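Before any comments, here is the structure.
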Number of protein chains: 2
Amino acid sequence: MQFTDLSSDELKELLQKLESQYNEIKAQNLQLNMARGKPAPAQLKVSFPLLDSLGSSSNLISEDGTDCTNYGNIDGIIEARRLMADMMGTDIENVIVMGNSSLNIMFDQVSRGFTHGYLGCRPWHELDKVRFLCPVPGYDRHFMVTEHFGVEMINIPMTTDGPDMDMVEKYVSEDESVKGIWCVPKYSNPTGYVYSDETLRRLASLKPKAKDFRIFYDNAYCVHDLYDDCPDIPDIISLCKECGNPDIVFEFSSTSKISFPGGGIAAVAASQDNLKDIKGHLKFQTIGHDKINQLRHVQFFKNADGIKEHMKKHADHIRPKFEKVIEILSSELEGLGIGEWTDPKGGYFISFNSALHCADRIYELCKEAGVTLTNVGATYPYGKDPENANLRIAPTFPTIEELEKATGLFALAVKIASVETLLNK
Amino acid sequence: MQFTDLSSDELKELLQKLESQYNEIKAQNLQLNMARGKPAPAQLKVSFPLLDSLGSSSNLISEDGTDCTNYGNIDGIIEARRLMADMMGTDIENVIVMGNSSLNIMFDQVSRGFTHGYLGCRPWHELDKVRFLCPVPGYDRHFMVTEHFGVEMINIPMTTDGPDMDMVEKYVSEDESVKGIWCVPKYSNPTGYVYSDETLRRLASLKPKAKDFRIFYDNAYCVHDLYDDCPDIPDIISLCKECGNPDIVFEFSSTSKISFPGGGIAAVAASQDNLKDIKGHLKFQTIGHDKINQLRHVQFFKNADGIKEHMKKHADHIRPKFEKVIEILSSELEGLGIGEWTDPKGGYFISFNSALHCADRIYELCKEAGVTLTNVGATYPYGKDPENANLRIAPTFPTIEELEKATGLFALAVKIASVETLLNK
C-alpha cells in the first residue's frame, strides 16, 4: 500500500498513530548521532596494535637509507609509497606519501590551482570564472573546499554507474572554465555506488576544453569492502595514460579509515609531470612529512594483503550495522512509495531519498527526538539540495542497539513527514 | 697581522703555502656537510624513548574527552596545547597545535593572506604589490615561501639586537604594501642573535599603515639553549596586546629539533581574532591533525620542565660542536681582518661574514675539497647576498672529528679566497 493511495482521512488517522509512536520515543530523550562517517570506538580497537609496531629499539632507517627520524624526503619513504601504491592499485612511481589527511592534500591541490596554476597554466585567481562539476549527492567536504576558493559548482546527477557522463562530457569539452570534477569512484559518498568500468573509461577519455581540467579522484574507500566478493575498479592513473590523458587526474587516498582517522597516512597519485609540479610547490611548504608514522604503518601492515586482512576486521564491525539499517528501512518503508535508499557493499554511508521531497522535515523530526543526521543539503554544493530529498545516513559510529533505535526513529520520521506533506498538498 | 697589510709579494708567497695545504686536504677526498641545520643521528637517539610513550594498551582519550584515535578537534588536544603554550611562554588560549611542520603552518598562513586575506582585509592576489621585510642574513626557507607567492622582499640589516628597527618602523608605518616581516627572535637563523627587549617592544608597538601587516614570528629555537644561563625573551603575544596591537603577530614553533625533525608537533600562537580567522580556513583544509602524535609528545615530555630537561641532552651533543667551530675559527682567523663570525649560545647556526666579500669563492673552494656549505646567498631573499659576504655554518650534523676537518678547511678557504681577492685588487 502506497501512502499516495491513501485518502485524506486515512492519512489523518495514520498521522495520529505515528505521532503517538513518535512522542513515546521522544520521551526517551535519545542522544544518537548518525551524522558523520566515523569508525566506532570499539571498531578502532582493531588498529591499536599499530601503536606497538615501532619503539625505541626499532630500526628507523628506510630501505633506501633515509633516516626516518631526521629531516627530508619530500616523496615519503619508499616502503610507504609501495604500500600506498599497492593499496590504490597503481605503480609506486605514481605515488607520493604525505601527512595524515587526504582532505588536506586535496585542499592544497585546489589551492595550487588558484595561486599558481597547473603545469604552466594560468592561476585560477586570474580568471573570471572557475567551475567544478559536482556529482550529487556527493561529499560535503569536497564541495566546501571548492566553495572556499570561490569556484562555481555545477550539479551532475549520479547514477548507479557513476556521474551522468553525457552531461560531464558536454561540460568538459565545451566550457573552458570547467577545471575539475569531484569523484569518489568506489562506494561513492553517500550513495555507495561504484563507478562502472565504462564510466571510468569515459572519464579517462575526456577531451577537455581547458588544458588544466583535472579529475579530483578521491579513492577514499578503495579497500573498504563489507563483503568478500567486492567490486574491483581499474587503476585510473594507467587508464588515463592509456587514453592519452596522462595528466588529467589527481588521485587521493589515505589510511584514515584503515588505521586511525587523523593518525594515518595519506597519498596522492598522478602522472610524472603532475608529481613534478606538485613537488615543485611542496618543497616550499615543508621539509617533509612524518616519516616515522609512515614507517609505523609499513611495519604494521607490511603490504596490501596485510591491509586487506585488516579491513576484514573493520568490516566485521561495520557489516552488521549496514545490514541493520537496511533491514529496518526495508521492513518499515518498503512499498510505501515515500522513499528510496541505497544498499552499499562498502564505504561509510547509506543514501536516502525522500520521494515526497520533505528531507528537511525528516531531519527536523529526527533532531527533535534526539537523533542527529548529516545536515539536509550537505550532500549538495552550497548545502542546497534543490529537490529537498537527500539524507545521508552514517551507520558506523553508533552501537547496533543505538542504530536500531535511531533507524527506527528515522523511518518513523520519514512516514510522519511524508503524511504531513501529502496532507498539505 | 692583518692580511690587508701584506705586500703583494708576501701575499703571493702566502698563497703558495696555503694552496699546498689545500691540495693536501683535497687529496683526502673529504665528503662533509655543514649545510643544513639537522641534528646528528647520535643526537637524535636522545628522543628515541618517545617512541615507547604510547602503545596499544595506552589510554588514548584526551583530558577533555577527545578520542585521539578518531576524527575531530581542529585546535589540537588540550594537553598538547598546554605543553606548547608553556614551551612558547604564552597562554594556552593563544595556541593551536597542528601537524608535524611549523614551516607548513607559515606557508599556509602566507597562502591565506594571498587567497583570502586576514580578518576581512583584501586578499593579496588582488593587490598590485605585496612586500615583506626580511632581516638579513636570515632563514632561506622563509624567503622561499614569500618568493613563491610573488611577494617583493626588502632586506633589513640585522644587528646584535635584532633587525634595524628604525628602518622597520619607517617601512611599516609609511608603506601600505608592506604586509609582513620574517623574524626569528631567539638564536636567529643564521646569526644566533637574540632580539633585545627593546627590539621586541618596538616590534610590538609598530603602527602599520597596512591593517593586515603581520609579524611572522618564528620562535623555532625558544628552548634551544646551549648553556644554563640562557637568555629569556618576553611572550610576544602578551606584549603585542599590551602595546595595543593584539592582532599584529603570528607566532610559530615546533618540536622538530626537540623530538624528531619531521616527526614532531607544531603550533601557532596568535590573538583570539587571528585564531578564529585561522580556524575559519583550517576547517576546510582538514578534519584534524595527528592527535595521537600530540598525545605521544605530552606523555613523553609531561610539561615545559620535561622539555627543558630533554633539551639539555641535545645541548650536550651540540655544545662541543659549536665550541669546536668557534675555537678553530678563532685560532685560524682571528686578527687577520678577513672575516667575522658570530658566537651563538643556542640555535643551530653560526654566521660568517667575509670581510673581503669573497663568500662565493670560499664556498667554491670548500666544495672542491669535499665540504658542502649552505649555498652562498641562501641567507638573503632571492638567494642574492649583495655583499657576497655571508656564509652559514651548520655545525650540528657532522661528528666532532668531521667538523674539525671541515672547519679547518673552511678557515683555509677563507684565507685563500681573501688573498686571491687582495691580489686581484
**Message:** Can you list residues from other chains, or at least 5 along the same chain, whose modelled amide H is less than 5 Å from the amide H of residue B:339?
**Reply:** B:355
**Prompt:** Over chain A, what is the relative contact order in whole percent, taking alpha-carbon pairs under 8 Å and six or more residues apart?
**Reply:** 26
**Request:** For residue A:232, put the label point 7 Å out on the Cα→Cβ axis and report which residues of region A:192-208 keep their amide N under 14 Å from it.
**Result:** A:197
**Request:** Specify whether the C-alpha gyration tensor of the protein assembly as shown places it in the rounded, prolate or oblate class, a ≥ b ≥ c being the square roots of the eigenvalues: rounded for a/c under 1.5, otherwise prolate if a/b is larger than b/c and oblate if not.
**Result:** prolate
**Item:** Flagged links, alpha-carbon separation over 18 Å, of A:291/B:312; B:129/B:209; B:211/B:279; B:17/B:415; A:321/B:291
**Value:** A:291/B:312; B:211/B:279; A:321/B:291
**Fill in**
Going from the fewest other Cβ atoms within 10 Å to the most, one would list B:276, B:26 as B:276, B:26
**Asked** Ordered by residue, what ³J(HN,Hα) values in Hz, to whole numbers, does region A:170-182 give under the Karplus form 6.51 cos²θ - 1.76 cosθ + 1.60, where θ = phi - 60° and Gly and Pro are x?
**Response** 5, 4, 5, 7, 9, 10, 5, 7, 7, 10, x, 9, 7
**Asked** Given the convex hull of the Cα atoms of region B:218-257, what is a quarter of its surface area in nm²?
**Response** 3.3
**Complete:** Among trypsin sites (Lys or Arg not before Pro) in region B:118-183, those in a DSSP loop whose Cβ has at most 16 other Cβ atoms within 10 Å are B:129
**Item:** Karplus 3J(HN,Hα) series, Hz, for region A:83-89 with 6.51 cos²θ - 1.76 cosθ + 1.60 (x for Gly, Pro)
**Value:** 4, 5, 4, 4, 4, 7, x
**Asked** Size of the dipole of region B:61-302 about the Cα centre, Lys and Arg at +1 and Asp and Glu at -1 on the beta carbon, nothing else charged, in debye to 20?
**Response** 600
**Prompt:** If contacts are Cα pairs under 8 angstrom and at least 6 residues apart, what is the relative contact order of region A:61-302 in percent?
**Reply:** 27
**Complete:** With the 8 Å Cα cutoff and a minimum separation of six or more residues, region A:182-245 has a relative contact order in percent of 47
**Prompt:** Applying 1/(1 + (r/R0)^6) with R0 = 35 Å to the Cβ-Cβ distance of residue B:93 and residue B:121, what FRET efficiency is obtained, to the nearest 0.05?
**Reply:** 0.90
**Prompt:** When the convex hull of the Cα atoms of region A:315-367 is projected onto a plane and the area is averaged over all directions, what value comes out in nm²?
**Reply:** 4.1
**Message:** Once you order the gyration tensor axes a ≥ b ≥ c over the Cα atoms, which shape class does region A:141-214 get: rounded for a/c under 1.5, otherwise prolate or oblate by comparing a/b with b/c?
**Reply:** oblate
**Item:** Most to least packed among A:56-62, B:405-411 [average Cβ atoms within 10 Å]
**Value:** B:405-411, A:56-62
**Request:** Extending each Cα 7 Å along its Cβ direction at residue B:167 and residue A:327, get the distance between those two points in nm, one decimal.
**Result:** 7.5
**Prompt:** What gaps in nm, shortest first, separate residue A:174 from its twins in the other copies when you place the label 7 Å past Cα toward the beta carbon?
**Reply:** 5.7
**Request:** If a/c stays under 1.5 just call it rounded; otherwise compare a/b with b/c (prolate if a/b is bigger, oblate if not). Do that for chain A, with a ≥ b ≥ c from the square roots of the Cα gyration tensor eigenvalues.
**Result:** oblate
**Message:** Just to be sure I understand: of the beta bridges DSSP finds with both ends in the protein assembly as shown, what percent are antiparallel, rounded to 5?
**Reply:** 45
**Fill in**
Rg (one decimal) and Dmax (whole number) from the Cα set of region B:61-302, in Å, equal 17.2, 51
**Per-residue [θ]222 nm for the protein assembly as shown (sum of -39500 (n - 2.57) over DSSP H runs n ≥ 4, rounded to 500)** = -13000 deg cm²/dmol
**Request:** Report, for residue A:340, each distance to the same residue's label point in the other copies, shortest first and in nm; define the point 7 Å along Cα→Cβ.
**Result:** 7.9
**Message:** Distance in whole Å from the B-onto-A rotation axis to the closest C-beta of chain B, together with the residue it belongs to, please.
**Reply:** B:125, 2
**Message:** What FRET efficiency comes out for residue B:375 versus residue B:26 if R0 is 22 angstrom and r is the Cβ-Cβ distance? Round to the nearest 0.05.
**Reply:** 0.60
**Request:** Beyond 28 Å between alpha-carbons counts as too far, so tell me which of A:186/A:324; B:38/B:324; B:241/B:384; B:38/B:241 fall in that bin.
**Result:** B:241/B:384; B:38/B:241
**Fill in**
One decimal, nm, nearest first: from residue B:23 to the same residue in each other copy, label points 7 Å out along Cα→Cβ, the values are 10.6
**Request:** Fewest Cβ neighbours within 10 Å first, please rank A:308, A:415 accordingly.
**Result:** A:308, A:415
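Any read-out appearing in this document is the output of simple, stated calculations on the displayed coordinates, not a laboratory observation. This is a predicted model, so every value here is computed, not measured. For neighbour counting, all protein chains shown are included, and Cβ atoms are generated from backbone atoms with ideal geometry for every residue, glycine included.
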